[in-house]
Amino acid sequence: MDDTAQLPEPDRIEGAPHPRMTPHLFGQDTAENAFLAAYGAGRLHHGWLITGPAGVGKATLAWSIARFLLAHPPQQGAGLFGAEAPPDTLTIDPDHPVAHRVAALSDPGLFLLRRPYDEKAKRLKQQITVDEVRRVKSFFSLSAADAGRRVVIVDCADEMTTSAANALLKLLEEPPANTTLLLISHQPSRLLPTIRSRCRELRLSPLLPQDMSRALQQAGATGEGDTTPEALAELAGGSVGAAMRLTAMDGVRRYGEMVALYSDLPQLDRQRALKLAEAGAARGAEARLDMLIALNDLFLTRLARFGAIGAPPTVEAAPGEAALIARLAPDPRRARMWADLAQSLGARIAHGRAVNLDPASLILDMIFSIRNTAAG
């Protein structure tokens, strides 16, 4: 259960429906079938670690599993007509009572562990605290009487404090009967090795363009203008979450402007450069600044990656990108040069932001560093 449904939700992407409201998971059949196989064989592990890049459907899978388990209570014996055939899908009818209760965060067998809202500070806390994990233990005690299934979703496990992680580990070591813990993790290497060892992993992969297109349509976003699903999937790295953010912030167009700005390197249109810098320097535009820095880093990463393999991308994230990459990164030596620049720029930007350097100056520094590298 959770009583914070009306408060800001840390596990929701702005402008997108919450994963518990997302009925279909696209492009992750391997992970879904692995769980169904374990369930059908009677080898349902008590701890599942759902991993993969951010925004590829990990939370959607966790909520699908939660609905599935809560809608299929533990069977007592084979019954008069023998055991039922195991289900071949996680999908639950949206009119099922469990589906309604899960959507309302009111199912007595469900607990959502996530960063709490700080009433005093009037904002979300930055980490999942040990007090929140202790609430899970209380949930187990209170829900033990009905002997039904209990499901805990941790979104995301990477955000736990050390004390919280140790408290959760104890629950994984001695879980109550008919309990399933679903841990969502973008960076499982950051978790305690003992937590990882007590969970079975379901790893999700970046989405292909067709699956990306269907997932975006389900979320109510179709991309910008005439942007193709292939270009959006390429720019978002197969992440629906990243694609939603790019779409909401005009990111595909901004990346196209960036490619156009660099198209004549080492020559540089200063007016275009200033316009791009101003886009991230407006008051209240911190999120846009983050996006521009991320897009610039992506451009350098793509230069390094495709230069290293000696071939431009087969799918362009912006018009003219393939030709530009082929010219700026024609061989592994130049690719390494761009990789080194990405690393040094990342450190400079982090320092600049730490000392509150003017955002426009940060962006111009990025642009001129790329110009100077292209001329070298």
- Task: Note down all Cβ pairs under 8 Å where the first residue falls in the range 351-376 and is in a helix (DSSP H, G or I), the second is buried (at least 16 other Cβ atoms within 10 Å of the Cβ) and charged (D, E, K, R), and they're at least six residues apart or on different chains.
- Result: 352/365
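Out of the residues in the range 154-178 that are outside any helix (DSSP H, G or I) and open to solvent by less than 10 Å² (accessible area, probe 1.4 Å), which is modelled with the lowest pLDDT? Even if it seems obvious, please write down each step before you answer.
Pass one, the range 154-178, residues outside any helix (DSSP H, G or I): 154-156, 160-161, 174-178.
Filter once more, so that each one left must be open to solvent by less than 10 Å² (accessible area, probe 1.4 Å): 154, 156.
Working: 154: 97, 156: 91.
Among residues in the range 154-178 that are outside any helix (DSSP H, G or I) and open to solvent by less than 10 Å² (accessible area, probe 1.4 Å), the one modelled with the lowest pLDDT is 156.
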- Item | Failed criterion for residue 301 (all others in (1) of a type outside the set (Lys, Arg); (2) buried (at least 20 other Cβ atoms within 10 Å of the Cβ); (3) under 18 Å from residue 345 (Cβ atoms) hold) | (2)
- Message: Give me the residue from the range 119-135 that is in a helix (DSSP H, G or I) and within 24 Å of the chain's Cα centre (by Cα) and, out of that set, farthest from residue 66 (Cα to Cα).
- Response: 130
- Item | Residue that is at pLDDT 95 or above, polar (S, T, N, Q) and open to solvent by less than 80 Å² (accessible area, probe 1.4 Å), where the choices are 64, 106 | 64
- Out of 304, 335, sole residue that is touching a Gly at 6+ places or on another chain (Cβ under 6 Å) and modelled with pLDDT of 90 or more: 335
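From the residues in the range 67-101 that are at pLDDT 90 or above and under 20 Å from residue 141 (Cα atoms), which one is surrounded by the fewest Cβ atoms within 10 Å (Cβ to Cβ)?
Filtering the range 67-101 for residues at pLDDT 90 or above gives 67-72, 89-101.
Remaining after also requiring under 20 Å from residue 141 (Cα atoms): 69-70.
Values: 69: 26, 70: 24.
So, considering only residues that are at pLDDT 90 or above and under 20 Å from residue 141 (Cα atoms), the one surrounded by the fewest Cβ atoms within 10 Å (Cβ to Cβ) is 70.
The values are calculated or read from the model by the stated rules, or taken from the named source; none is laboratory data. Computed from a predicted structure; not experimentally measured. Note that each Cβ is placed from the backbone with ideal geometry, even for glycine, and that neighbours are counted across all protein chains shown. Surface accessibility is based on the protein's heavy atoms, side chains included, excluding ligands, DNA and RNA. Shrake-Rupley method; radii C 1.70, N 1.55, O 1.52, S 1.80 Å.
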